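Here is the structure we will look at.
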Amino acid sequence: MAATSEQPFDVDASQFQSINYSVYSALRKAIFDGDIEDGDRIVEAEVARRLGISRAPIREALHRLQQTGLVEHRPRRGWFAVALQPEDMWDVYLVRASIESLAARRITTQAAKQRQTFEPVLDEMQALIDKMLVAATQDDVEALAVYDVQFHELIVENGGSNQLRRIWRLLHPQDWTMMSVLKLPQVPLSEMAQRHQRVLDAVRTGDPGWAVAVVRRHIIELAQRFLDLPPEEQVPEAETAKSAARSA
């Protein structure tokens, strides 16, 4: 369905913190839901009219979506939605898994040595899991995705270098998390939240090899379910991964 049709976006601007984020979320959701399809032209003036706002927030949202790879700007033609190819999405998940695995190794090692210093960070991670579970009971996908990303951000912030954190942010993890949640309706939100408990428990063990295996499995397993990958791409079972990590 073209973005220039009269069907309104399913969005309530009052639920967002700012008009800019409201517009961005509306367009992103329309693309994820298929209301805006691959190749559809997105006309700034038309979207602004339908949302009852100026064109400036529309333009800002489109530039942000361009960074995520969801739209592209064609000279003298305007903005168009872009279909993400499975191989592109798989690569993003692989890069994110590599970054967060490295950060998990570092934070686990440091937390084992400086338990008192890192305990507040681990407690904050647990609090975010609890918030995800509450959001799941309320069927609040937006909130769950926000807490999900904050959880992973704590790992990267406390276990990564400045460059590692910069690269991680360039992946736009909140967009990918939201897309994963929306595109996996068969996976209960409660399960999406509970999966994070295994990550935190692994970090608390003080075993960096095990933390790396669990974090990598956490991300890649979701990618496999999202992309419906063939068997050869399957991640090894947890115990196998644990043994491999410890013997490395």
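Quick check, is Asp139 on the phi > 0 side of the Ramachandran plot and at pLDDT 90 or above? Lay out the reasoning, then the answer.
Numbers: on the phi > 0 side of the Ramachandran plot: yes; at pLDDT 90 or above: yes.
Here the answer is yes, as Asp139 does meet what is asked.
Which condition does Leu65 not pass, out of (1) surrounded by fewer than 21 Cβ atoms within 10 Å (Cβ to Cβ); (2) among the hydrophobic types (A, V, I, L, M, F, W, C); (3) out of contact with any His (no Cβ under 9 Å at 6 or more places or on another chain), if it passes all the others?
(1)
Quick check: is even one residue across the range 102-125 closer than 30 Å to Val71 by Cα, modelled with pLDDT of 90 or more and crowded, with 21+ Cβ neighbours inside 10 Å?
no
When you scan the range 16-62, how many residues do you find that are in a loop (DSSP other than H, G, I, E, B), crowded, with 16+ Cβ neighbours inside 10 Å and out of contact with any strand residue (DSSP E or B) (no Cβ under 8 Å at 6 or more places or on another chain)?
3
Tell me the residue from Arg96, Arg64 that is under 29 Å from Ser18 (Cα atoms) and either more than 24 Å from the chain's Cα centre (by Cα) or not assigned by TED's automatic domain parsing to the domain that holds Met179 (or both), please.
Values: Arg96 fails: either more than 24 Å from the chain's Cα centre (by Cα) or not assigned by TED's automatic domain parsing to the domain that holds Met179 (or both).
Being under 29 Å from Ser18 (Cα atoms) and either more than 24 Å from the chain's Cα centre (by Cα) or not assigned by TED's automatic domain parsing to the domain that holds Met179 (or both) holds for just one of Arg96, Arg64, which is Arg64.
For the structure I just gave you, tell me whether Ala223 is more than 19 Å from Glu87 (Cα to Cα) and not basic (Lys, Arg).
No; evaluated as a whole, the condition is false for this residue.
If a residue must be in contact (Cβ under 8 Å) with a residue 40 or more places away in the chain and among the acidic types (Asp, Glu), how many such residues does the range 62-104 contain?
Total meeting the criteria: 1.
Taking Tyr147 as meeting all but one of (1) within 14 Å of the chain's Cα centre (by Cα); (2) over 20 Å from Tyr24 (Cα atoms); (3) of a type in the set (Phe, Trp, Tyr), write down the number of the exception.
Going through the list (1) within 14 Å of the chain's Cα centre (by Cα); (2) over 20 Å from Tyr24 (Cα atoms); (3) of a type in the set (Phe, Trp, Tyr), Tyr147 breaks only (2).
Only residues in the range 153-166 that are surrounded by fewer than 20 Cβ atoms within 10 Å (Cβ to Cβ) count as the first member; pair them with residues that are in a helix (DSSP H, G or I) and among the acidic types (Asp, Glu), Cβ under 8 angstrom, at least 6 apart or cross-chain, and list the lot.
Leu154/Glu124; Arg165/Glu157
Looking at (1) within 25 Å of Arg225 (Cβ to Cβ); (2) of a type outside the set (Phe, Trp, Tyr); (3) loosely packed, with under 15 Cβ neighbours inside 10 Å; (4) at pLDDT 95 or above, find the lone condition where Met132 falls short.
So Met132 meets the others, but not (3).
Write out, first by first residue and then by second, each pair whose Cβ atoms fall under 6 Å of each other, whose residues are 6+ apart or on separate chains, and whose first residue, in the range 219-235, is within 22 Å of Glu153 (Cβ to Cβ) and at pLDDT 90 or above while the second is basic (Lys, Arg) and part of a helix (DSSP H, G or I).
Final answer for the pair search is Ile219/Arg96.
Is it the case that some residue within the range 197-214 is under 23 Å from Leu70 (Cα atoms) and either under 16 Å from the mean Cα position of the chain (by Cα) or buried (at least 17 other Cβ atoms within 10 Å of the Cβ) (or both)?
Within the range 197-214, not a single residue is under 23 Å from Leu70 (Cα atoms) and either under 16 Å from the mean Cα position of the chain (by Cα) or buried (at least 17 other Cβ atoms within 10 Å of the Cβ) (or both).
I'd like the full set of residues that are in contact (Cβ under 8 Å) with a residue 60 or more places away in the chain, farther than 13 Å from Val149 by Cα and of a type in the set (D, E, K, R), limited to the range 168-207.
The answer is Lys183, Arg204, Asp207.
The values are calculated or read from the model by the stated rules, or taken from the named source; none is laboratory data. Here the structure is a predicted model, which is why all the values come from computation and not from measurement. Every residue, glycine as well, gets a Cβ built from its backbone with ideal geometry; the counts of neighbours run over all protein chains shown.
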